[in-house]
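First the structure, in the form of structure tokens, and then the observations on it.
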Amino acid sequence: MMLLNKQSKIESLCPICLKKIDASIFTEGETSYMMKTCPEHGTFKTVLWRGGIPMGKWVRHKERAYLEKTVTKVDKGCPYDCGLCNEHRQHTCTALIEVTQNCNLQCPFCFADSFAKKGQEPSLNDIRFQYQSVLRVSGTCNIQLSGGEPTVRNDLPEIIKMGVDLGFTFIQVNTNGIRMADDENYVISLKKAGLSSVFLQFDGTHDKIYRKLRGKALFEKKFKAIENCKKYGIGVVLVPTLVPGVNIDNIGEIIKFGIKHVPTVRGVHFQPVSYFGRMPKMPQDKDRITLPEVMTEISKQTDNMILVESMKPPGCENALCSFHGNYIIEENGLMQVTKRSSCCCATEKAEEGANKAKAFVARNWSYYNHNNKDKQQEDCSDWDKILKTIQKSSFSISAMAFQDAWNVNLERIKDCCIHVVTHDGRLIPFCMYNLTNAEGRSLYRN
Amino acid sequence: MKHENEKKNLWICDKCHKELVSEKTKVRYLDGNFEVALLKCPECNLVFISEDLALGKMLEVEKGLEDK
């Protein structure tokens, strides 16, 4: 057993009682683990990082940001004062508003623990208050409307328009795509309201995967939803939840499917399964896939078309939370825009990272309006043609590893830039909002 | 380089005293190779990039490729 460095002593939570406890991160061979002991509930060991790139080398040094406006006061200490408080070290890149808890699916995995039953939804006034709370604390950051399944609301176009009218320039809907496949008029109204992008649950390219993860065959629906987005000009990001034994071997096919549907599909954003909300059973290490394993699979399953070296740690959130790579699709393959070697040891400002991430998402995950630009092609200069290629053919591959009660590291929580807006106007780091103990009890949700 | 005539966009290389000509030039940014028409000295091959271009289209391209 070897300790990584001084930073390997961290704080975590007991997955049973959710009390704050000390934890250590250590490496055995190519695998890094978290180990923690609750005086009442015993010792827990969980895999954090497995595979080629050592965890200690996956770094991007940042100088913390200071929030100008905080909502909550430090009282019990992180993570019990979320809102955000002045111990939080990063601005909001994306604010997430849950517009319903209802859903038209009942998946075995669901971090929001949503059901098909009809529960009370927040009113338009409630949602206006949430938007205004974001404006007050974080300004016009990117917005993701989530749930539940947001498209079960007939007034979703009004909700989008409300955000646009309040000054938000990038609004994305997180959806399973069923209604977008079935109801073309609804898609038209979302577009007219100002929807920039769809964060489409897309777990794979065949129905065996959907039956296992979502309880029914859905591939045709996904395909139709993408077609409708293409027809009416809405950018799509494919979002697969990666579950060992279910769809890890489909990673390459998902990427190839995405590339085939550029420029409507703007990228693939993988989410390795995390264990909060609704899950079939208590997680073991074999039930997890870590970020370096995802990168290795991407490279392997695309026959090295996408190299591990093209994927980088993030400049916005904590380095251990994600990776991303940017590409330009060319006739003979991919041009790699990002390189891991460009991450040097210099310290960057976290605030600058948040601004860049906001701009990148708004630019690269929105629809590229090729029809208008193509008309102007005749009088384009060389530079305009390059710009057009960049806009039309850019493609991003990324992944975000959410934290659950077994692997949560409070250092990462403090660096979080994706914040869920509560009904009383607090902003809660995404993982903290969704984290539940072994019995499904949450610190913040509900 | 001396800007002799604004209307004709005529530029003279200060070193070779030759008139710059527009020529397809390979530009490399990150891992991408692009070919663009740029003003170039036919003698010493020195490329001239005007302030307008550097702060205009060139910057737009750079921003389009900007990472997070």
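Looking across region A:310-334 at every residue that is within 11 Å of chain B (Cβ to nearest Cβ) and of a type in the set (D, E, K, R), the one that is surrounded by the fewest Cβ atoms within 10 Å (Cβ to Cβ) is identified as A:Glu330. Right, A:Gln172: buried (at least 22 other Cβ atoms within 10 Å of the Cβ), of a type in the set (S, T, N, Q) and part of a helix (DSSP H, G or I) or not? Taking the combined requirement at face value, the residue does not satisfy it. If a residue has to be assigned to a helix (DSSP H, G or I) and under 18 Å from A:Gly252 (Cα atoms) to count, how many in region A:183-214 make the cut? Matching residues across region A:183-214 total 4.
When region A:109-134 is limited to residues that are part of a loop (DSSP other than H, G, I, E, B) and modelled with pLDDT of 80 or more, the one that is surrounded by the fewest Cβ atoms within 10 Å (Cβ to Cβ) turns out to be A:Gln120.
Residues satisfying the criterion are present in region A:133-150 (criterion: within 21 Å of the chain's Cα centre (by Cα) and among the acidic types (Asp, Glu)).
Determine, yes or no, whether A:Ala346 is within 13 Å of another protein chain (Cβ to nearest Cβ) and either at pLDDT 90 or above or over 25 Å from A:Gly233 (Cα atoms) (or both). Please lay out each step first, then the result.
On the way: within 13 Å of another protein chain (Cβ to nearest Cβ): no; either at pLDDT 90 or above or over 25 Å from A:Gly233 (Cα atoms) (or both): yes.
No.
Looking at region A:385-446, the strands (runs of 3 or more DSSP E) lying wholly inside it that each contain 2 or more residues that are more than 14 Å from chain B (Cβ to nearest Cβ) and in contact with a strand residue (DSSP E or B) (Cβ under 7 Å, 6 or more places away or on another chain) sit at A:418-421, A:427-429. Residues in region A:240-254 that are crowded, with 21+ Cβ neighbours inside 10 Å and out of contact with any helix residue (DSSP H, G or I) (no Cβ under 7 Å at 6 or more places or on another chain): A:Ile254 alone. The residue that is surrounded by the fewest Cβ atoms within 10 Å (Cβ to Cβ), counting only those in region A:155-169 that are of a type in the set (A, V, I, L, M) and under 23 Å from the mean Cα position of the chain (by Cα), is A:Val164.
Report, by residue number, each residue of region B:24-36 that is surrounded by 13 or more Cβ atoms within 10 Å (Cβ to Cβ) and at the interface with another protein chain (Cβ under 8 Å from one of its Cβ atoms). Before the answer, list the steps.
So the first thing to find is which residues in region B:24-36 are surrounded by 13 or more Cβ atoms within 10 Å (Cβ to Cβ), and the list is B:25, B:27, B:29-32, B:34, B:36.
Within region B:24-36, B:Leu30, B:Asp31, B:Gly32, B:Phe34, B:Val36 qualify.
Considering each residue of region A:301-310 in turn, at least one proves to be in a helix (DSSP H, G or I) and either over 22 Å from A:Phe360 (Cβ atoms) or of a type in the set (Phe, Trp, Tyr) (or both). Taken over region A:422-446, the criterion of being out of contact with any Leu (no Cβ under 6 Å at 6 or more places or on another chain), surrounded by 20 or more Cβ atoms within 10 Å (Cβ to Cβ) and aliphatic (A, V, I, L, M) is satisfied by A:Ile428, A:Met432, A:Leu435.
The values are calculated or read from the model by the stated rules, or taken from the named source; none is laboratory data. Keep in mind it's a predicted model, so treat the numbers as computed, not measured. Glycine gets a Cβ as well: all are built from the backbone with ideal geometry, and neighbour counts include every protein chain shown.
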